[in-house]
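J.: A single structure is presented below for examination.
The values are calculated or read from the model by the stated rules, or taken from the named source; none is laboratory data. Keep in mind that this is a model prediction, so the values were computed, not measured. FYI the Cβ positions are ideal-geometry reconstructions off the backbone, even for glycines, and counts take in every protein chain you see. Only protein heavy atoms, including side chains, enter the accessible area calculation; ligands, DNA and RNA are left aside. Shrake-Rupley method; radii C 1.70, N 1.55, O 1.52, S 1.80 Å.
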Amino acid sequence: MFIHSDNIIHYIPQRAPVVMISGILFAEGKLTRTGLQISPDNIFVQDGVLTPPGLMENIAQTAAARAGYQALQENTAVPMGYIGAVKDLEIFELPPAGAFIETTTEVGHEVFNATMVTGKVTWNGKLMAQCEMKIFITP
């Protein structure tokens, strides 16, 4: 199922307990799709569901996985990234612990070290959340 899951921390700068993706499902061009099996003991799970900050971190780490994937393809270090802004966040439903969610990000614009992405989180084909993010990447 995952095309790159041997050790997801090779692709992202985050470390446990804040790793919010299980692996990369697709990475090509401006699109990246990741999966996350939501563990009941995930630090962003509260009352049996993944909270809004967990959904936002999941989207951000999907964008980070793209940058990390590209860096490793170019034989360079995986860059650090920071969320600069979140725009038009919509949360339709909170996925339950135990669910396998898929998150897709698409790069809109890249200017210097700022990247604009749109992100969508789905569970069983149903849209859970979406937003735009401005992410700053430092080499």
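J.: If you check ARG66, ARG33, which single one turns out to be over 17 Å from ILE137 (Cβ atoms), in contact with a Phe, Trp or Tyr (Cβ under 9 Å, 6 or more places away or on another chain) and among the basic types (Lys, Arg)?
T.: ARG33
J.: Can you name every residue in region 108-117 that is free of Cβ contacts under 8 Å to residues at least 40 places away in the same chain and either surrounded by fewer than 12 Cβ atoms within 10 Å (Cβ to Cβ) or touching a helix residue (DSSP H, G or I) at 6+ places or on another chain (Cβ under 9 Å) (or both)?
T.: Across region 108-117, the qualifying residues are HIS109, VAL111, PHE112.
J.: Mind listing whichever residues of region 50-96 are open to solvent by 50 Å² or more (accessible area, probe 1.4 Å), of a type in the set (Ser, Thr, Tyr) and part of a loop (DSSP other than H, G, I, E, B)?
T.: Selection gives THR76 alone.
J.: In region 121-139, which residues are part of a strand (DSSP E or B), without any contact (Cβ under 8 Å) to a residue 40 or more places away in the chain and either open to solvent by less than 40 Å² (accessible area, probe 1.4 Å) or not hydrophobic (A, V, I, L, M, F, W, C) (or both)?
T.: Correct list: THR122, LYS126.
J.: Here is a check on your reading of the model: is VAL49 under 13 Å from the mean Cα position of the chain (by Cα), farther than 16 Å from VAL19 by Cα and at pLDDT 95 or above?
T.: Details: under 13 Å from the mean Cα position of the chain (by Cα): no; farther than 16 Å from VAL19 by Cα: yes; at pLDDT 95 or above: yes.
The answer is no for VAL49.
J.: Follow-up. Can you spot a residue in region 14-30 that is touching a Leu at 6+ places or on another chain (Cβ under 9 Å) and either outside any loop (DSSP other than H, G, I, E, B) or open to solvent by 50 Å² or more (accessible area, probe 1.4 Å) (or both)?
T.: yes
J.: Within the bounds of region 97-107, is there any residue that is open to solvent by less than 20 Å² (accessible area, probe 1.4 Å), in contact with a helix residue (DSSP H, G or I) (Cβ under 6 Å, 6 or more places away or on another chain) and free of Cβ contacts under 8 Å to residues at least 60 places away in the same chain?
T.: The initial filter retains those residues of region 97-107 that are open to solvent by less than 20 Å² (accessible area, probe 1.4 Å), namely 99, 101, 103, 105, 107.
Cutting the leftovers down to in contact with a helix residue (DSSP H, G or I) (Cβ under 6 Å, 6 or more places away or on another chain) gives us 103, 105.
Add one more test, that the residue is free of Cβ contacts under 8 Å to residues at least 60 places away in the same chain, and what stays is none.
For region 97-107, residues open to solvent by less than 20 Å² (accessible area, probe 1.4 Å), in contact with a helix residue (DSSP H, G or I) (Cβ under 6 Å, 6 or more places away or on another chain) and free of Cβ contacts under 8 Å to residues at least 60 places away in the same chain: absent.
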